[in-house]
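**Student:** Just passing along the structure, written as structure tokens.
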Amino acid sequence: MKSNINALGNWLMSWVQEDGAIHGFHNHSVWGSNPYRWSDFTSGHSTWASPLMAALSRIVAEQRDSSLEDQVLQMIQFQTTCFQEDGQYKHIGFQVGEMLGRGLIHNMMPNVALGLTALHGRSWLPADVLESIRQAMVRNLQACDEIYPFKKTRNISNQEYCRLWGKLLYQQLFPDSPWREGIQDDLNFMIKNYHVRGIPDTDCEASNRYLGDTSMVEPAEYYGLMIAPLVQAYEMFGEPHYLQHAGGLCRHLARSAWVDTKGQTRFNRKWLLRGGEWIRLKEPMLIAGMGMSLHGIARYLEHQADEELALFLEKCEETYAYYQTPRGYMASATGWQNEADIAPCSAWHTHDFYYLHQRHGLGEKMASQLKEPYPRISVLLGDQCMWVEEGEHWAINDYYFQDVYKLIGRKDEAVFGRDLGWVGGERALPEHFLFPNQPIFVKTDEGIYLKADEQTAQNIDVSSIAELPYLGLWE
């Protein structure tokens, strides 16, 4: 079973705006929060979605498409000019929304994405665009070195590794790197002070999450931000210990995995130390969003054959395919029993798209298929709510005669809200937000039914991760 990479890319492009912003319902399915839970109600750009630029840059390089080329250039323009006054990027709030304007990792991810965009696009990106990438990366990296000093705060492992990955990419791309002298010392510091051997066995290395805190290690979805820079350091400096430590991190992911009730291989949530023993936590945990860690393993396999790790990649890709909907997006997670399971996050899905197209190459005519309209309603059923989308409309809706969510938004709008159509008042969204033809689903003790006639049902794609079975038409 294989994922439909073209369908995933098409879905992601449905969130991309003319100005280069990547909108989305920014659902963080590892922490379980989103702008709805934070009462922020924004669905505009998130810098965590920036790897989409890198993926599209490669597609343009291999399948020259003038329309897609213009879109990528606009995305680069957007990312390289959206700065706060202190040098941090704008739109770094992710699951907290626009009210959050600080944080290291969501500054660092766009630097990595810009670097990868330049690497994949060297054959076609104009010199002035490459210069804009260079200026943006150095401006932000230098600003964040001041705001978030290395080794002087309770630094988080994946964030510091991501900072180093951006600096390594900068050094690879541009001759004037101000970090050239100290970058290997910083990498060696990370290995010495964060890596933990023996979880779950002596062939594996995990990473402590915080500097000075040995009671927990990083969740699995962040390990690609550690593995990829170590592999790149091995390529740039030729020192084998970087590759060896990358391999230990890879094996930690593969041997910490578990199999869910659907028979699918899944990332572990976390390991916690209790009474001298490491305890693995499995759920709640994401499905969509494994991509950067899988990319890190794939990069390691470019230098070191390993049947176990190669099989692990195949199993995780089968998980993608199993949980992918016909529209292209995947179920976000399991175990939350709320919207965090079913609401697809464009920001996480860009990481999966980048990994999949890097590993398997480009599908035939991928560039031309990215913008084709999708004519059907897409539904993903969960235990307590459902995701629904059609065209520009999206919703997190309730089952029949339940009234908990009723969230509506548009892909071309940077805000969303609760549907107050029958209530009215100043908080009601404008009429163009209304999504009146959402299908109605009835949940009974024995299963879930669609309350519609056969003709209407023919235009609806229904997928489900609910425990109760989907049983078709109500009558």
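The values are calculated or read from the model by the stated rules, or taken from the named source; none is laboratory data. The structure presented is a predicted model; accordingly, all values stated were derived computationally and were not measured. Virtual Cβ from ideal backbone geometry, glycine too; neighbours counted across all protein chains shown. What goes into the accessible areas is simple: the full protein's heavy atoms, side chains included, and nothing from ligands, DNA or RNA. Shrake-Rupley method; radii C 1.70, N 1.55, O 1.52, S 1.80 Å.
**Student:** Where does the chain land on Rg/Rh, using Cα atoms and the Kirkwood Rh?
**Tutor:** 0.96
**Student:** Ordered by residue, what ³J(HN,Hα) values in Hz, to whole numbers, does the stretch 108-117 give under the Karplus form 6.51 cos²θ - 1.76 cosθ + 1.60, where θ = phi - 60° and Gly and Pro are x?
**Tutor:** 6, 4, x, 5, 4, 5, 5, x, 5, 4
**Student:** Another question about this same structure. Within a Cβ distance under 12 Å of TRP336, other residues only, what is the Lys/Arg minus Asp/Glu net charge?
**Tutor:** Working: positive: ARG37, ARG269; negative: GLU283, GLU339, ASP341, ASP383.
Charge balance near TRP336 sits at -2.
**Student:** Find the Cα radius of gyration of the stretch 295-366, compare it with 2.2 N^0.38 Å by division, and give the number to two decimals. Working shown, then result.
**Tutor:** Numbers: Rg = 13.9 Å, N = 72, 2.2 N^0.38 = 11.2 Å.
The reported ratio for this selection is 1.25.
**Student:** Moving on to the next point. Divide by every residue of the chain the summed helix terms, -39500 (n - 2.57) for each DSSP H run of at least 4, and state the resulting mean residue ellipticity at 222 nm, rounded to the nearest 500 deg cm²/dmol. Write down the numbers at each step before the final one.
**Tutor:** Values: 15 runs with 189 residues, N = 475.
Calculated from helices alone, the mean residue ellipticity at 222 nm is -12500 deg cm²/dmol.
**Student:** On to the next question. Where a ≥ b ≥ c are the square roots of the eigenvalues of the C-alpha gyration tensor, would you call the stretch 365-448 rounded, which needs a/c under 1.5, or, failing that, prolate if a/b is larger than b/c, or oblate?
**Tutor:** Because a/c hits 1.5 or more and a/b fails to exceed b/c, the stretch 365-448 counts as oblate.
**Student:** Also, quick follow-up: For the stretch 354-373 and the stretch 392-422, what is the separation of their Cα centres, given in Å?
**Tutor:** 30 Å
**Student:** Over the stretch 95-167, calculate the relative contact order: mean separation of alpha carbon pairs under 8 Å at least 6 apart, over the residue count, as a percent. Intermediate values should be presented prior to the final figure.
**Tutor:** Numbers: 36 pairs, mean separation 38.9, N = 73.
Contact order relative to length: 53 percent.
**Student:** Given a Förster distance of 35 angstrom, what is the FRET efficiency for ARG197 paired with ASP86, based on the Cβ-Cβ distance and rounded to 0.05?
**Tutor:** Working from the Cβ atoms, E equals 0.35.
**Student:** Can you tell me the 0 to 90 degree angle between the C-alpha axis of helix 291-301 and the longest principal axis of the chain, rounded to 10?
**Tutor:** Orientation of helix 291-301: about 40 degrees from the principal axis.
**Student:** Next up: Mind pulling the angle between the C-alpha long axis of helix 224-237 and the longest principal axis of the chain? Nearest 10 degrees, somewhere in 0 to 90.
**Tutor:** With both axes taken from Cα atoms, the answer is about 30 degrees.
**Student:** Assign one of three labels to the stretch 1-116, namely rounded, prolate or oblate, based on the Cα gyration tensor with a ≥ b ≥ c the square roots of its eigenvalues; rounded applies when a/c is under 1.5, prolate when it is not and a/b is larger than b/c, and oblate otherwise.
**Tutor:** oblate
**Student:** Compute the angle between helix 307-323 and the longest alpha-carbon principal axis of the chain, please, reported from 0 to 90 degrees and rounded to the nearest 10.
**Tutor:** 20 degrees
**Student:** Per residue, what accessible area does the chain have, given a 1.4 Å probe and all protein chains present, in Å²?
**Tutor:** Per-residue value: 39 Å².
**Student:** Put a dot 7 Å past each Cα toward the Cβ at TRP38 and ARG255; how far apart are the dots in nm?
**Tutor:** Each label point lies 7 Å from its Cα, and together they span 3.7 nm.
**Student:** Further, regarding this structure: Ignoring ligands, DNA and RNA, please state the percent of accessible area on the chain from carbon and sulfur, probe 1.4 Å.
**Tutor:** Solvent-exposed carbon and sulfur of the chain make up 47 percent of the total.
**Student:** Check which residues have an amide H placed less than 5 Å from ALA343's amide H, if you skip close sequence neighbours.
**Tutor:** The answer is SER332.
**Student:** Quick one: what are the phi-derived ³J(HN,Hα) couplings along the stretch 51-67, Karplus 6.51/-1.76/1.60 with θ = phi - 60°, whole Hz, x for glycine and proline?
**Tutor:** For the stretch 51-67, the Karplus-derived couplings read x, 4, 4, 5, 4, 5, 4, 5, 4, 4, 4, 9, 10, 3, 9, 5, 5 Hz, x marking Gly and Pro.
**Student:** Amide H to amide H under 5 Å from LYS270: which residues, 5+ apart in sequence or cross-chain, H placed 1.01 Å off N in plane?
**Tutor:** The list, which skips near neighbours in sequence, is LEU281.
**Student:** Can I ask one more? Between the stretch 201-263 and the stretch 142-184, what is the C-alpha centre distance in whole Å?
**Tutor:** Each part's Cα centre sits 19 Å from the other's.
**Student:** While we're looking at this one, here's another question. Starting at the first residue of the stretch 123-137, write each ³J(HN,Hα) from the Karplus equation 6.51 cos²θ - 1.76 cosθ + 1.60 with θ = phi - 60°, in whole Hz, x for Gly and Pro.
**Tutor:** 7, 9, 5, x, 4, 5, 6, 4, 5, 5, 5, 4, 5, 5, 4
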